[in-house]
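The values are calculated or read from the model by the stated rules, or taken from the named source; none is laboratory data. Source: prediction; values computed, not measured. Here the Cβ is made from the backbone with ideal geometry for all residues, glycine too, and neighbour counts use every protein chain on show.
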Amino acid sequence: MFLKNTIILSGLAAFIQVNAQQTVMPKLKDAAAFPVAFAIDPVRVRTNDLFRRTVLEHADGITATNCMKPSRISRQKGTFDFAEADELIAFAQANGKRVHGHTLVWYIDTAPAWMKQIRDSTQLENVLNGYIRTVGSHFKGKVASWDVVNEAFDNKTGAIRTDSIGHNGKTNLNLGRILGKDYVARMFQYAHQADPGALLFYNEYGQETNPAKLDAVIGMVADFKKRGIPIHGLGLQMHINIDTPDAGIEHALRKSSETGLMVHISELDISMNTAKTKPFKPTAEQLEAQYRKYRFVADAYKRLVPKAQQFGITTWGIADADSWIPGFCSCEDYPLLFDQGYQPKKALTGFVEGL
Ligand code: XIL
């Protein structure tokens, strides 16, 4: 009897708490004057009710985490499998959510193994052109925008990557070396031909801490404009942590805005485990710092990106349960707005305050 009462009481307390959170916590899409989106894949939408509800209630749009990457769409040479992506898009369309396509070209793990084997420049150019034509036409009118090329610039030199072997020893898609450094421009031309109505983005990481790379991206935009290469936006992935300097974030947003293009914070997450220790339990200070950093990013975006250029902010996932960061750093971390059980974190409060 005692046990049962305790369970009922604690159940009631949890219910009131959940209801209180739902009533006090505004939905992101209502709090923001620009689109807010999540990176998601269809399996969770299909299988997890809370996940689906969170997307429906909080997001204006979505990016596909993986299912619109070449490695998923074209596992074998000459084959195209759109099943997962189509499922995601049907969900988005049925619920009035904007879809951002990610990504047509990437030098690393999203390139299918068969594509990485190609060494001949004409053959590789034709394969990429054909891929972009087929995929771009398939999603024409269904996606608002595309990341056309992802992460083309080298971290150290700020030049277009020409490395074939990654730091993990794996073979990358050898774009810069085989196709020459101007391949990025041609990919944008192919994308524009495939879907003339889509907004075309160049997506990159680390602009907030790597000025050489930021300058290289800005330089590329100036060059594209001079030559009439179609480009409409810059994606700043912004995989940052609680110690990422505010000034660097502001600088990247300011410089990107000065191009006059749309600016998309495209993959936001904020790590707390800066020492990357395997087991990790955030302290109250670290949770507070994460709250402050989310608030800062939202506020800086609103302040520094002119209204007409605000494509929006996308977080790379919804809840800590689904974050890619623990797999990437081989360490525990909790970088997102919702916790393992899809409940709002203090970070979400910070983000909403900043918005
Ligand atoms: C990541 C996904 O989240 C993982 O599930 C996948 O295993 C690897 O890719 N930059 C990008 C994203 O542009 O596509 C990456 O997504 C995260 C880093």
* Condition check for Ala275: outside any strand (DSSP E or B), surrounded by fewer than 24 Cβ atoms within 10 Å (Cβ to Cβ) and not β-branched (Val, Ile, Thr) -> yes
* To do: Take the residues in segment 71-113 that are β-branched (Val, Ile, Thr) and within 16 Å of the ligand (Cβ to nearest atom), then tell me which one is surrounded by the fewest Cβ atoms within 10 Å (Cβ to Cβ).
  => Ile108
* Structure fact -> In segment 274-315, anything acidic (Asp, Glu) and either more than 21 Å from Asp30 (Cβ to Cβ) or at pLDDT below 95 (or both) is listed as Glu285, Glu288
* For segment 222-231, does any single residue satisfy the condition of being within 16 Å of the ligand (Cβ to nearest atom) and in contact (Cβ under 8 Å) with a residue 24 or more places away in the chain? -> no
* Does segment 142-157 include one or more residues that are among the basic types (Lys, Arg) and within 21 Å of the chain's Cα centre (by Cα)? -> yes
* Structure fact -> Quick count over segment 95-114, residues being of a type in the set (Ser, Thr, Tyr) and either part of a loop (DSSP other than H, G, I, E, B) or more than 24 Å from Pro35 (Cβ to Cβ) (or both), is 2
* Qualifying residues in segment 304-340 (those that are surrounded by fewer than 19 Cβ atoms within 10 Å (Cβ to Cβ) and in a loop (DSSP other than H, G, I, E, B)) - the one nearest to the ligand (Cβ to nearest atom) -> Trp324
* Structure fact -> By residue number, the members of segment 114-160 that are surrounded by fewer than 19 Cβ atoms within 10 Å (Cβ to Cβ), small (Gly, Ala, Ser) and touching a residue at least 24 places away in the same chain (Cβ under 8 Å) are Ser121, Ser137, Gly141, Ala144, Gly158, Ala159
* Asked: Which one of these is surrounded by fewer than 23 Cβ atoms within 10 Å (Cβ to Cβ), away from the ligand (no atom under 16 Å from the Cβ) and aromatic (Phe, Trp, Tyr): Tyr301, Tyr291?
  -> Tyr291
